[in-house]
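Chemist: Handing you this structure, nothing more for now.
The values are calculated or read from the model by the stated rules, or taken from the named source; none is laboratory data. Fair warning: this is a prediction, and the values are worked out from it, not measured in the lab. In this analysis, Cβ positions are derived from the backbone assuming ideal geometry, glycine residues included, and neighbour counts consider all displayed protein chains.
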Amino acid sequence: MTEAYRQTIDYLYRFAPMFQQVGTSAYKEGMENSFAIDAHLGHPHTKYRTIHVAGTNGKGSVAHLLASVLQEAGYKVGLYTSPHLLDFRERIRVDGQPVNEAFVVDFVARHKTFFESIQPSFFELTTGMAFACFADRQVDVAVIEVGLGGRLDCTNVITPALSIITNISLDHTNLLGNTEEAIAREKAGIIKPNVPVVIGEVGNPAVKQVFENERWKVEGERGGLLFADKCDAPPYPTLTNELKGYAQEKNTATVLCAINRLKKLDFNIPDKAVYDGFSRVIENTGLMGRWQIVGTQPKIILDTGHNVGGMTYNVRQLAAEKADKLHFVFGMVNDKDISAVLALLPKDAIYYFTQASIPRALPANELAEQALEYALTGKSYLAVKEALVAAKEAASERDVIFVGGSTFVVADALEINRKLRDCCHSKNIV
């Protein structure tokens, strides 16, 4: 990391605090800044094709899988996702490589005066940076992940070739609404006239109706609304997804439906690109934190699923693990539906309640107190590293240690793993 880059990132964090750090105080409702930044930069997103990905869970995996497949098909691919786990540059990638430090430094220096005049949010600023980077690098197509919601998300300045909504679950209810239908209306805000839409997973009939109504509203007909479970995508026998976990079953169906539609939009995607894109997604895009195994004997699993939808998949997957005992290194942020998540967790696990190194983290002792109401017991630890060390000391070689509950608990664990690997050439975390 160069000193200029470090100073630039420090400036960004001070000037426009991240939602992932401080929560709703970083959220700015409305699109005025987004359109102003887009105009100031010369509408860079119009210089390449885009694919827009929204949803409560799975949108990161779907975005990375699509980017990987398109890379294997020979396209130069931009990928914009959030949050980052270890380095800001993870958010903006071209053909899997993080944005160059020099680009970040130069972009901020050139546009600093303008940004300070309108006071954008961190996400508004970095979205503009991503779109400008992709134009500068002359990508063929960019896969753009929605940050929050959809209707008022600053990525919604684009008119994509294809829109994707992965699923709907209760999350960010203080900003998006406290019912699945209300959240679906916000996500459906990315639906635009003459742009086909793939809907990945709909369990609630009322949610399905929201999407159909929105399509009708913007276009006067329901054509171009594709539900993945009804998609006529061809099968891909022996397809292997490098991303593991039960959640990837739905994500795979969503991506294959999207690929089928992209082919009809004149994207050239050979079958080999699909197979290779799925089997090399981590290598191609650098994705981390999705049922990621970072240790053996005991097996240590990291997963960023942090709401009811994501944790439901995690608990189901953990039940299938062959382990003598399950150790749960667990932390949450203070603006999630904590009770609903705690109600899902296995009561026979050993818990190590902890807190990520961000202001939004729920104090470990408060989490432990709430967990007692659901018969979940364990000790509290002020840092993820302390909890991991305790779990590993207590676990036998035949046990499983799961680390999750918050994206930022996983981020802290990955940072510990990286430092250990860099200094000690170890394969196992802590």
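Chemist: Filter the range 28-69 down to the residues that are more than 23 Å from Ser169 (Cα to Cα) and of a type in the set (A, V, I, L, M, F, W, C) and list them by number.
Modeler: Scanning the range 28-69 gives Met31, Phe35, Ala36, Ile37, Ala39, Leu41, Ala67, Val69.
Chemist: Only one of (1) surrounded by fewer than 22 Cβ atoms within 10 Å (Cβ to Cβ); (2) in contact (Cβ under 8 Å) with a residue 24 or more places away in the chain; (3) part of a helix (DSSP H, G or I) is not met by Leu148, so which one is it?
Modeler: Failing condition for Leu148: (3).
Here is a yes/no grid of residues against (1) outside any loop (DSSP other than H, G, I, E, B); (2) free of Cβ contacts under 8 Å to residues at least 12 places away in the same chain; (3) within 16 Å of the chain's Cα centre (by Cα); (4) under 30 Å from Leu362 (Cβ atoms):
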residue	(1), (2), (3), (4)
Leu256	yes, no, no, no
Val274	yes, no, no, no
Met288	no, no, yes, yes
Arg316	yes, no, no, yes
Ala323	no, no, no, yes
Phe328	yes, no, no, yes
Asp335	no, no, no, yes
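Chemist: For residues that are part of a helix (DSSP H, G or I) and either at pLDDT below 95 or within 25 Å of the chain's Cα centre (by Cα) (or both), tally how many sit in the range 394-430.
Modeler: 18
Chemist: Which condition breaks for Val341 when tested against (1) crowded, with 21+ Cβ neighbours inside 10 Å; (2) modelled with pLDDT under 95; (3) not in a helix (DSSP H, G or I)?
Modeler: Failed condition: (3).
Chemist: Please specify each residue of the range 69-91 satisfying the condition of being part of a helix (DSSP H, G or I) and either within 17 Å of Arg49 (Cβ to Cβ) or among the charged types (D, E, K, R) (or both).
Modeler: Val69, Leu70, Gln71, Glu72, Arg89, Glu90, Arg91 - these are the residues of the range 69-91 that are part of a helix (DSSP H, G or I) and either within 17 Å of Arg49 (Cβ to Cβ) or among the charged types (D, E, K, R) (or both).
Chemist: OK, next. Can you work out which of the residues in the range 55-83 that are at pLDDT below 95 and either within 12 Å of Asn284 (Cβ to Cβ) or not polar (S, T, N, Q) (or both) is surrounded by the fewest Cβ atoms within 10 Å (Cβ to Cβ)?
Modeler: The residue in question is Pro83.
Chemist: Could you please let me know if Lys47 is over 24 Å from the mean Cα position of the chain (by Cα), at pLDDT 90 or above and not polar (S, T, N, Q)?
Modeler: For Lys47, the condition - over 24 Å from the mean Cα position of the chain (by Cα), at pLDDT 90 or above and not polar (S, T, N, Q) - is met.
Chemist: Do we have Leu376 as part of a loop (DSSP other than H, G, I, E, B), at pLDDT 95 or above and on the phi < 0 side of the Ramachandran plot here?
Modeler: So Leu376 passes the test.
Chemist: Here are Asp303, Asp348, Asp337, Asp399: which of them is at negative phi, in contact with a Phe, Trp or Tyr (Cβ under 7 Å, 6 or more places away or on another chain) and among the acidic types (Asp, Glu)?
Modeler: Asp303
Chemist: Then there is this: Considering the range 344-373 alone, what residues qualify as being at pLDDT 95 or above, closer than 18 Å to Thr304 by Cβ and among the β-branched types (Val, Ile, Thr)?
Modeler: The answer is Thr354, and nothing else.
Chemist: When you scan the range 308-338, how many residues do you find that are in contact with a strand residue (DSSP E or B) (Cβ under 8 Å, 6 or more places away or on another chain), surrounded by fewer than 18 Cβ atoms within 10 Å (Cβ to Cβ) and within 19 Å of Thr407 (Cβ to Cβ)?
Modeler: Qualifying residue count for the region: 1.
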